[in-house]
Amino acid sequence: MSSFFSRLKQGLSRSRDSLAQLVPGGSVDALSEEEWLDIEDGLIMADCGGELSGSLVQQARKRRGSSIEALKTSMLSMIPDAKEINTSENGPFVLLVVGVNGTGKTTTIGKLATMFGQQGKSVLVGAGDTFRAAAVDQLAVWVERAGADMVRQHDGADPASVAFDTVQRGVARNYDVVIVDTAGRVQTDRGLMDELAKVRRVISKAFPGAPHEVWQVVDGGTGQNAVVQVEKFREVAGTTGLIVTKLDGSGKGGIVLQLSHTYGLPIRYVGVGETLEDLMPFNAEAFITSLLPEHAVKS
């Protein structure tokens, strides 16, 4: 757990350092109006969003103790509880993974396959990003490394066909987990979004009740664009959880709080680096403790 916490803390160092410059030290009762405005500005700059930042400050002002502890308690109250993953009792757990190109989706799927494999589960991955040969090849390397199996078709094949074949094979051969990749959807392209809806439909025909989860991968450094992406994908794909990657590359760690609070979606994993260990199951308290400075700058 200490190793987990230290990696998370290191990965969020830019966000934490940025917040430290605008979160004054001292108790809640001792802060001036201007200092509370500084805190709100710091949260906005960390991509918590204007509305959520205002709500966090409003809640924190009503609490006792230090400004940091008050913010931490307020942040925790804003994050919805994550329910246990809805696995299937009579067949594989089918996971559909969506997201635009550049979010780290392919790498994330490879890491998820590895994690499930380390839990002793048999894993089958469907390479549905059929229009990017490099993405399929990259996924194949991860899948082989994970000791999992993969279904792939020719370049340019119908992604829905790949999804259907993958789930059918997963059911027929009693895999524990089936992960279906999708093309890097541009959320403003109606045709591509319609195709994503088709992928979801055929999965349910191959295995009624599937997909059991739909996780969207978003790049934490893209700020408000990530908010727009989640809104659109949720409408079409029925997103049930989020994976926020690349949090080590910017000072925008607050986007995790904004996405979770705005859409009431659980954050399943966060990514703070390139290695397998840097994709971590989301723990709200550990995340917020790592995001906030230990000792705020005294005014």
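Results for (1) out of contact with any Leu (no Cβ under 6 Å at 6 or more places or on another chain); (2) touching a residue at least 60 places away in the same chain (Cβ under 8 Å); (3) surrounded by fewer than 15 Cβ atoms within 10 Å (Cβ to Cβ); (4) over 29 Å from GLY273 (Cα atoms), shown as yes or no for each residue.
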{"residue": "ALA30", "(1), (2), (3), (4)": "yes, no, yes, yes"}
{"residue": "GLU35", "(1), (2), (3), (4)": "yes, yes, no, yes"}
{"residue": "ASP47", "(1), (2), (3), (4)": "yes, yes, no, no"}
{"residue": "LEU52", "(1), (2), (3), (4)": "yes, yes, no, no"}
{"residue": "ILE79", "(1), (2), (3), (4)": "yes, yes, no, no"}
{"residue": "ALA82", "(1), (2), (3), (4)": "yes, yes, no, no"}
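Restricting LYS198, LYS232, LYS205, LYS246 to residues that are within 24 Å of PRO281 (Cα to Cα) and charged (D, E, K, R) narrows the list to LYS246. For the stretch 258-274, a tally of residues being touching a strand residue (DSSP E or B) at 6+ places or on another chain (Cβ under 9 Å) and not in a strand (DSSP E or B) returns 7.
All conditions but one from (1) under 25 Å from VAL227 (Cβ atoms); (2) without any contact (Cβ under 8 Å) to a residue 12 or more places away in the chain apply to LYS62; the one that does not is (1). Applying the criterion of being more than 23 Å from GLN119 (Cα to Cα) and of a type in the set (Val, Ile, Thr) to the residues of the stretch 148-187, the residue that is modelled with the highest pLDDT is VAL162. Only one entry in VAL214, VAL270 is touching a Gly at 6+ places or on another chain (Cβ under 6 Å), among the aliphatic types (A, V, I, L, M) and either touching a residue at least 12 places away in the same chain (Cβ under 8 Å) or surrounded by 22 or more Cβ atoms within 10 Å (Cβ to Cβ) (or both), namely VAL214. Whether any residue in the stretch 63-73 is of a type in the set (D, E, K, R), at positive phi and within 21 Å of the chain's Cα centre (by Cα) is what I want to check. Taking every residue of the stretch 63-73 in turn, none turns out to be of a type in the set (D, E, K, R), at positive phi and within 21 Å of the chain's Cα centre (by Cα).
Looking at the structure I just gave you, is VAL94 under 30 Å from ARG169 (Cβ atoms) and either crowded, with 17+ Cβ neighbours inside 10 Å or out of contact with any strand residue (DSSP E or B) (no Cβ under 8 Å at 6 or more places or on another chain) (or both)? Yes, satisfied.
Taking the stretch 1-60 as the range and being part of a helix (DSSP H, G or I) and among the β-branched types (Val, Ile, Thr) as the test, the residues that pass are VAL28, ILE39, ILE44, VAL57. Hey, does the stretch 65-88 have a residue that's in a loop (DSSP other than H, G, I, E, B) and more than 26 Å from THR245 (Cβ to Cβ)? Yes: one or more hits.
For the stretch 225-267, the candidate set comprises residues that are of a type in the set (A, V, I, L, M) and over 13 Å from the mean Cα position of the chain (by Cα); within that set, the residue that is surrounded by the fewest Cβ atoms within 10 Å (Cβ to Cβ) is VAL228.
Just so you know, in the stretch 1-36 the residues that are aliphatic (A, V, I, L, M) and modelled with pLDDT of 85 or more include one that is nearest to the chain's Cα centre (by Cα), and it is LEU12. Selection of the stretch 84-97 for residues being touching a residue at least 12 places away in the same chain (Cβ under 8 Å) and on the phi < 0 side of the Ramachandran plot yields ILE85, ASN86, THR87, SER88, PRO92, PHE93, VAL94, LEU95, LEU96, VAL97.
The values are calculated or read from the model by the stated rules, or taken from the named source; none is laboratory data. It should be emphasised that the depicted structure is a prediction, and the values quoted were computed from it without experimental measurement. Note that each Cβ is placed from the backbone with ideal geometry, even for glycine, and that neighbours are counted across all protein chains shown.
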